């Protein structure tokens, strides 16, 4: 029986690829998802492996129509790469170098208004070259407060409405006359008039107070998560979830750097004195997105571990299809 040319060619190609892998001391384990490369002495030098993240373990979370990797999930993904996480002593704010993290507080209440935090992540990429991520995050408490109010007003029109400061509405609902309305500016002269006596608005204020109290901690957690996910050893572009579990491919690489070398490299990245031949550095500055802030607060809860009711509702409803998708913007 003659063997079809296509199959013969395919078989010969597989043989060549297999021999090439052997020559490089490369092994594919199990179904081929795990990839290991060893050096001449048999010591593992590189490894590629899928890591499972579970919704039950709060390593992934669905926000709206999208799945997101949580801070706990990012920490788990870093177990194989072992990327170095560094908090430099300074961060640049408005062109000036200030202490890191930099916290702006209300002059009277001393509550947190905004946080600037900077993290540096560095380690080998999938092919062994050293890569650093110098990441700065801006955490604006008032912006997230306004976004929470907007969500409530869209969902419950009786608790608030858009308008101008000079023209307060007489009443938000005929069933609730004489309620105390307060104006919060979005962009002069437009803002939101909200009913402070409404339970949904009170929930927003509870969450706002929590962010004012724990903004520093939340900002640092989000900053570390985002910086880790930007490194090519992890770099999860999409998160596909099946039965509450997502598999994310990560890369590990054995190197010869000791603590002293890493400390020196981290200092060079911090000061911007790196040699491109030694390490490639990606620098980014972003504002924490509302979804990231909501996820962080919802999964962490308050100082007693309790998750705010509005976040329980947001997470529960985010996994359900919209009642009228055509009206979603």
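The values are calculated or read from the model by the stated rules, or taken from the named source; none is laboratory data. Predicted model only: the values in this text are computed from it and were never measured. As a convention, Cβ positions derive from the backbone with ideal geometry for all residues, glycine included, and neighbour counts pool all protein chains shown.
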> So is residue 270 closer than 30 Å to residue 157 by Cβ and not in a strand (DSSP E or B) or not?
Replying inline: no
>> Restricting to segment 137-153, name every residue that is closer than 30 Å to residue 80 by Cα and surrounded by fewer than 22 Cβ atoms within 10 Å (Cβ to Cβ).
In response: 138
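Every residue, every condition in (1) in contact with a helix residue (DSSP H, G or I) (Cβ under 6 Å, 6 or more places away or on another chain); (2) modelled with pLDDT of 90 or more; (3) surrounded by fewer than 17 Cβ atoms within 10 Å (Cβ to Cβ); (4) outside any loop (DSSP other than H, G, I, E, B), yes or no:
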site: 226; (1), (2), (3), (4): no, yes, no, yes
site: 250; (1), (2), (3), (4): yes, yes, no, yes
site: 255; (1), (2), (3), (4): no, no, yes, no
site: 260; (1), (2), (3), (4): no, no, yes, yes
site: 284; (1), (2), (3), (4): no, yes, yes, yes
site: 306; (1), (2), (3), (4): no, no, yes, no
site: 314; (1), (2), (3), (4): no, no, no, yes
> Taking only pairs six or more apart or across chains, which ones have beta-carbon atoms under 6 Å, a first residue in segment 189-204 that is at negative phi, and a second residue that is assigned to a helix (DSSP H, G or I) and surrounded by fewer than 19 Cβ atoms within 10 Å (Cβ to Cβ)?
Replying inline: 203/309
> Taking interchain pairs and intrachain pairs at least six residues apart, which have beta carbon atoms under 8 angstrom, with the first residue in segment 245-270 and without any contact (Cβ under 8 Å) to a residue 40 or more places away in the chain and the second part of a loop (DSSP other than H, G, I, E, B) and surrounded by 14 or more Cβ atoms within 10 Å (Cβ to Cβ)?
Replying inline: 268/274; 268/279
>> Being in a strand (DSSP E or B), within 27 Å of residue 239 (Cα to Cα) and touching a strand residue (DSSP E or B) at 6+ places or on another chain (Cβ under 8 Å) narrows it down to one residue among 73, 132, 128; which is it?
In response: 132
>> Against the definition (in a loop (DSSP other than H, G, I, E, B), within 23 Å of the chain's Cα centre (by Cα) and either closer than 19 Å to residue 156 by Cβ or at pLDDT 90 or above (or both)), how does residue 177 come out, yes or no?
In response: no
> Out of segment 174-205, which residues are closer than 14 Å to residue 142 by Cα and surrounded by fewer than 13 Cβ atoms within 10 Å (Cβ to Cβ)?
Replying inline: 187
> How many residues does segment 229-248 hold that are within 17 Å of residue 57 (Cβ to Cβ), in contact with a strand residue (DSSP E or B) (Cβ under 8 Å, 6 or more places away or on another chain) and not in a loop (DSSP other than H, G, I, E, B)?
Replying inline: 5
> Looking at residue 292, is it touching a helix residue (DSSP H, G or I) at 6+ places or on another chain (Cβ under 6 Å), farther than 26 Å from residue 125 by Cα and surrounded by 17 or more Cβ atoms within 10 Å (Cβ to Cβ)?
Replying inline: no
> Can you tell me which residues in segment 55-66 are assigned to a strand (DSSP E or B), out of contact with any helix residue (DSSP H, G or I) (no Cβ under 6 Å at 6 or more places or on another chain) and either at pLDDT 95 or above or buried (at least 17 other Cβ atoms within 10 Å of the Cβ) (or both)?
Replying inline: none
> Here is a list of conditions, (1) in a strand (DSSP E or B); (2) at pLDDT below 95; (3) within 30 Å of residue 53 (Cα to Cα), and residue 113 meets all of them except one; can you say which number that is?
Replying inline: (3)
